[in-house]
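The values are calculated or read from the model by the stated rules, or taken from the named source; none is laboratory data. Since this is a predicted model, take the numbers as computed values, not measurements. With ideal geometry, Cβ positions are generated from the backbone for all residues, glycine too; neighbour counts draw on all protein chains shown. Accessible surface areas use protein heavy atoms only, side chains included; no ligands, DNA or RNA. Shrake-Rupley method; radii C 1.70, N 1.55, O 1.52, S 1.80 Å.
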Amino acid sequence: ILEDLPRLDYSGGASCPALLLEPQRTNSIPHSEYFSDWLLDGNGDGQSVTPNYAISPEGVQNAYRLQLSFINGTYSRIRKSVTDSYSGAGVFSVYLKTNDRSTKTISMRWGGSGAVSKTITGEWQRFDVSGTAIYTLAQDHELFIGSAEGDSDLVDLSIYGAMQESGNYSTSYIPTMGSAVTRSEDTAIKTGISSLLNDNEGTLFLDMKALIDGGGITRRLSISDATTDNRVSIEYDEVAGRIKSFMSIGGITTGTLTSSGNVQTDTNKIAITYTASIYKMFLNGVNVANDITLVGTPIGLDRMQFANGANNSPLQGLVNQVLYFPTALTDSEAIALTTI
């Protein structure tokens, strides 16, 4: 795999993949696929692990078998204590499936979380549980069955790929082999496209799902001269529930457009059209904002990029399409383009 080869997301059965853009994350579990060093305990009929038992989600026979039983007792579990190097929100995740293709119920727990029930089937699925880390404190990552939680009293599972990361949602799996591993932030930038961008007029289009679980971060798509001095942007403000756009010329913000909170709960189609004298926003088939005070347009445009928090949230699957036209679409064209 080449260093700059983008990762593609085919989740949901997509035939046309999306770019997988994720924030920097660290898997703090030092042996993410080695469950022989996890502690087994309980007061029932017992628990055990067996290495290299099943084909894992990566297509290799390196998944462990995990058997738990609290028959004649009250609980059975496997757990791993890891000293986390951060405080605050975190997520523990692991891949699981039943070996006999039955459906079983187990519980997961990590850090400050309570027991969270999970339904395991005969297909590989990734399960996670959120919690709270206290700096330098050893945290137990637990998979267990218990009579008090109403879990299945006997389970025979395959287990693979444990991960502990900071944040309030899981990102793609990071394997580790003896120490924590950090994956760098993904970025989406296309440079050297000055010949494609018009310094006199244009249209920027974004088809994107609503950001409903992003932690209140503003996301931005922009065309620019590699600075904020000359740019046209589309910004998704989750906190205010609206779309904003800024135009800057020579380091001065010369135009601002803001929707009136009329953002769909799912997909939004947004188009920004501009010339030297008029600047418009179209949202889901409606012209929602205009600025007719412009004098000029940004010059030296050379790149398109996601920035300002776009890579601090799970963008995968959110962005459906990005388009740029070197001319300002007419109102009827922009309405047709953005109609849901």
Give the carbon-plus-sulfur fraction of the accessible surface of the chain in %, rounded to a whole number; probe 1.4 Å, heavy atoms of protein chains only. 50 percent
Need the list of lysines near Lys280 for cross-linking: C-alpha distance under 30 angstrom, and skip anything on the same chain fewer than eight residues off. Lys190, Lys209, Lys244, Lys269
As a test of understanding, state the convex hull volume per residue of the range 82-194 from its alpha carbons, in Å³. 146 Å³
Could the peptides 65-77, 178-190 be put in order, highest first, of the mean number of other beta-carbon atoms found within 10 Å of their residues? 65-77, 178-190
As I understand it, the dipole of the range 1-109 uses +1 on the Cβ of Lys and Arg and -1 on the Cβ of Asp and Glu, about the Cα centre. Which of Asn72, Thr26, Tyr10 lies farthest toward its positive end? Asn72
FRET efficiency for Asn290 and Arg126, Cβ-Cβ distance as r, R0 = 51 Å, nearest 0.05? 0.65
Excluding same-chain residues fewer than 8 positions from Lys118, which lysines have a Cα within less than 22 Å of its Cα? Lys80, Lys97, Lys104
Kirkwood Rh over alpha-carbon pairs of the chain plugged into Stokes-Einstein at 4 °C, 1.567 mPa s gives a D in µm²/s of 57 µm²/s
Using a 1.4 angstrom probe, figure out how much accessible area the chain has per residue, in square angstrom, rounded to the nearest whole. 45 Å²
Tell me the Kirkwood hydrodynamic radius of the range 56-115 in angstroms, computed as one over the mean inverse distance between distinct C-alpha pairs. 14.6 Å
Send over the per residue convex hull volume for the range 1-149, Cα only, as a whole number of Å³. 143 Å³
Treating the beta-carbon of each Lys and Arg as +1 and of each Asp and Glu as -1, no other charges, what is the dipole magnitude of the chain about its Cα centre, to the nearest 20 debye? 180 debye
Please report the Cα spread of the range 22-76 along all three principal axes, rounded to whole Å, starting with the longest. 45, 24, 18
